[in-house]
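Reviewing the structure listed below.
Please treat every number below as a calculation from the coordinates, not as lab data. Since we're looking at a predicted model, the values are computed, not measured.
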Amino acid sequence: MRITRVVLGCAALMMVAGLALAGAETAGEKKADMKGDMKTPMKGDKMGAAKHAMSMYMIESPHTEAECLGVMDATSAAKELDKWEWGCMAGNHTAYRMVQAADENAALAMVPENVRAKAKAYKLTKMTAAMLEKAHQAH
């Protein structure tokens, strides 16, 4: 009788463990599928396409000494004060920022409105050795 209980108990534990492992594998597969879905844009996925269309821009936003604190207040209110580099303390009242944006206008939209008309956004490109060689050949 005691041996029967032990055997039945062991069998029950093995079944529970087997079900737990099967559930873990299924959950792992679902998790992997979810990760894949997040990384691979689906057809017609505008967000995935937009992410690939982003370019790096350097924003240069000059302002006067009189405008300085107002510009800093505006960026602080937008919780972006620390995203800008400021030349003001050295007497160069210009703010600089590197951003990913879809185009120049999108980059300039990140500048406080009261000084946006004076700002410039420069599209940046990383130069490779092959690009440099091609440039030399063209000249």
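Normalising the average separation of contacting C-alpha pairs (under 8 angstrom, six or more residues apart) by the number of residues puts the relative contact order of region 54-124 at 52 percent. At full extension, L81 and A66 could sit 3.6 nm farther apart than now, given 0.36 nm per residue minus the alpha carbon distance.
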